[in-house]
Every structure is written in C-alpha cells, then in structure tokens.
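J.: Next up is a structure, given as structure tokens.
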Amino acid sequence: MGIFKKFFDKLKYTFKRTELNDDFYDELESILISSDMGVETAMDIMDELRDVCKKKLIKDVERAQIELKQLLIDKLNVQPVEFDYPMIITVVGVNGVGKTTSIAKMTKYFLNKKKNVILAAGDTFRAAATEQLSNWAEKLKVKIIKQGEGADSAAVVFDAISSMKAKNNDVLIVDTAGRLHTKTNLMKELEKINNIINREYPEAKKMNLIVLDASIGQNSIAQVKAFKDSVNIDGIILTKLDGTSKGGVVYPIINELHVPIIFTGFGEGVDDLDVFDAENFVNKILM
C-alpha cells in the first residue's frame, strides 16, 4: 500500500526506539509536522501524549504508540456520514484535483448501494469537462444532463432536477467549473446553482462537497476558506492519498475549518473511494 509511504517509514523507524525520552518525542513531533499536520496541531498532540504517558506511568514505546493512535483518532472527531435520499451533491474544486474522477467514483459508490444516480454537467466552461463526464456516464450506464459549451450552468442544473424528480432518482451529482478563488463571477455562479437547487427541490438533502488534492498539503486549507466565503461547504473528498506523505492535512482541515472528510480517494480505479473512517485512517498511518 502506497498511502503516506514516507510517513509510514519514518514512524516505523521512530517506534523501533526502545527508550521513551525527549529524543523520541522530538523526532515524533517532527514527523507529524512533516506530514502537513501543522505545527500547532502536532505540538498539541505531542503535549497530550507526554501527559498521558506520564499519568499512566508508561515507559515503553509500544504502549506510547497505542496511546498516540487513540489521540489521533480522537483529534479527528468525525461522526459517520449518513446519506438521506433524495439527495443532491454539488461538487466544487479547482482544476487538477481529480473532481471528475471523484464524481465517477461517487456514482459507482451509490450504484453499489442500489441507488439510481443522475449526473449534471455543470462545468460548461470547458467542452472537455462535459465530454469527460459523459464518458463516465456511458461507462457507468447512468443518465447525464448536459448542454453546449458556454451554456448557463444553472440552467443545466434546473433541467437535471426536473429529470431527477420525473424519474424519481435517488442521487443527483452536479459537476461545476474548476473555479479559481480569484474568479468572483464564477463564485457568484456557484451561489446561483445553490439557489436553484434550494428553490426547485427544497425537500431533497443537499451537500456541497469540495475535492482537495492531499498532495498539496496546507494549500488545500486556503482553497476551502475561499469556497466557504461564497457557499456552505458540507464536506470534503480528499483525493490522491496514494504516494503522498501529506495526509496529516486532514487534522487542520477538520479541527481548524470544522469541515468533515466525507470520502477519501486512493487510486485511479472507479472503486478506489472510501467513506472516511477515523479509526481506519489512523490504522493505516500506524500499521
């Protein structure tokens, strides 16, 4: 498994130490910071680990590892996600983070749950985006609502909601343009899409999910903040976890921004998507 390989290797080497001393704690703190956990979060965890080990009179590294695992799980403090149907998921994120692929993976996830899924090609700024999503819709055998390049994205969403209601679909997943947070007009359009959804299908569960690339680490926090200025962000799809040591960024995302991780993507396959589970995530780090 390639997830956080460098991070794993450093942790395993550190936990081979036989003595629980200042060198151990300092080295462990450096590793956590290098995972893009953030200095403040890493220092808090290490302070708590020292206190726990002191109170429980822990002297060996093996028991310290068990305590660290529990601290890492507790820090995430994520409630399991519950999906209600009918549901409309609007997916946002900048270009290159794996947005379209994530939509395909989510589609497959809900299809595996025996739900009827429809897609809306709301990224009308790039013809290639609509084409790519159409190819996924064909492969997965789901309906897609689309218009030509440059069409009004909100109109596409309006048509998709009409189709969803007529066919009694369980899930509508809306793609949006790869908006840069400096593009005010694009953010306004995203607000318009949300207004259409709230007006046309008020009884449906709504979720705005942002796709983040785990490999960019702390920069992803700025992306979330930029989008939150315009629309409510209900959760995160964290992609590209394979082959990166930056997975610690989930901690400041959850603890500083108070936005939960909903899905994690760890490969290119359409089935390479997991519902985020804190204990599973930490187990992978400390395995």
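The values are calculated or read from the model by the stated rules, or taken from the named source; none is laboratory data. This structure is a prediction, so every number in the text was calculated from the model and none was measured. Cβ coordinates were reconstructed from backbone atoms using ideal geometry, including for glycine residues, and neighbour counts include every protein chain displayed.
J.: Inspect region 210-229 for any residue being at pLDDT 90 or above, assigned by TED's automatic domain parsing to the domain that holds Ile145, more than 18 Å from Lys105 (Cα to Cα) and outside any helix (DSSP H, G or I) and give the result as yes or no.
T.: There is no residue in region 210-229 that is at pLDDT 90 or above, assigned by TED's automatic domain parsing to the domain that holds Ile145, more than 18 Å from Lys105 (Cα to Cα) and outside any helix (DSSP H, G or I).
J.: Please go through region 114-135 and give me each residue that is of a type outside the set (Gly, Ala, Ser), surrounded by fewer than 20 Cβ atoms within 10 Å (Cβ to Cβ) and either touching a strand residue (DSSP E or B) at 6+ places or on another chain (Cβ under 9 Å) or not in a loop (DSSP other than H, G, I, E, B) (or both), ordered by number.
T.: Lys115, Asn116, Glu131, Gln132, Asn135
J.: Among the residues of region 117-133, is there at least one that is within 16 Å of Gly269 (Cβ to Cβ), in the same structural domain as Asp271 (by TED's automatic domain parsing) and modelled with pLDDT of 95 or more?
T.: no
J.: Considering only residues that are modelled with pLDDT under 70 and either in contact with a strand residue (DSSP E or B) (Cβ under 8 Å, 6 or more places away or on another chain) or closer than 9 Å to Ser230 by Cβ (or both), which ones fall in region 170-180?
T.: Within region 170-180, just Arg179 meets the criteria.
J.: Looking only at residues in region 35-85 that are of a type in the set (D, E, K, R) and closer than 30 Å to Val171 by Cα, which one is surrounded by the most Cβ atoms within 10 Å (Cβ to Cβ)? Before the answer, list the steps.
T.: Applying the first criterion (of a type in the set (D, E, K, R)) to region 35-85 yields 36, 40, 44, 47-48, 50-51, 54-56, 59-60, 62-63, 67, 69, 74-75, 82, 84.
Pick out the ones that are also closer than 30 Å to Val171 by Cα and you get 82, 84.
Numbers: Glu82: 6, Asp84: 9.
Filtering first and then ranking leaves Asp84.
J.: Within region 113-136, work out how many residues are among the hydrophobic types (A, V, I, L, M, F, W, C), over 17 Å from Leu273 (Cβ atoms) and under 22 Å from the mean Cα position of the chain (by Cα).
T.: 4
J.: Among Gln147, Gln65, Gln79, which is the only one that is under 23 Å from the mean Cα position of the chain (by Cα) and either farther than 19 Å from Asn198 by Cα or at pLDDT 95 or above (or both)? Can you show your working first?
T.: Numbers: Gln147 fails: under 23 Å from the mean Cα position of the chain (by Cα); Gln65 fails: under 23 Å from the mean Cα position of the chain (by Cα).
Exactly one of Gln147, Gln65, Gln79 is under 23 Å from the mean Cα position of the chain (by Cα) and either farther than 19 Å from Asn198 by Cα or at pLDDT 95 or above (or both), namely Gln79.
J.: Consider region 253-271. How many of its residues are over 13 Å from the mean Cα position of the chain (by Cα) and more than 17 Å from Met37 (Cβ to Cβ)?
T.: Going through region 253-271 one residue at a time, the tally reaches 5.
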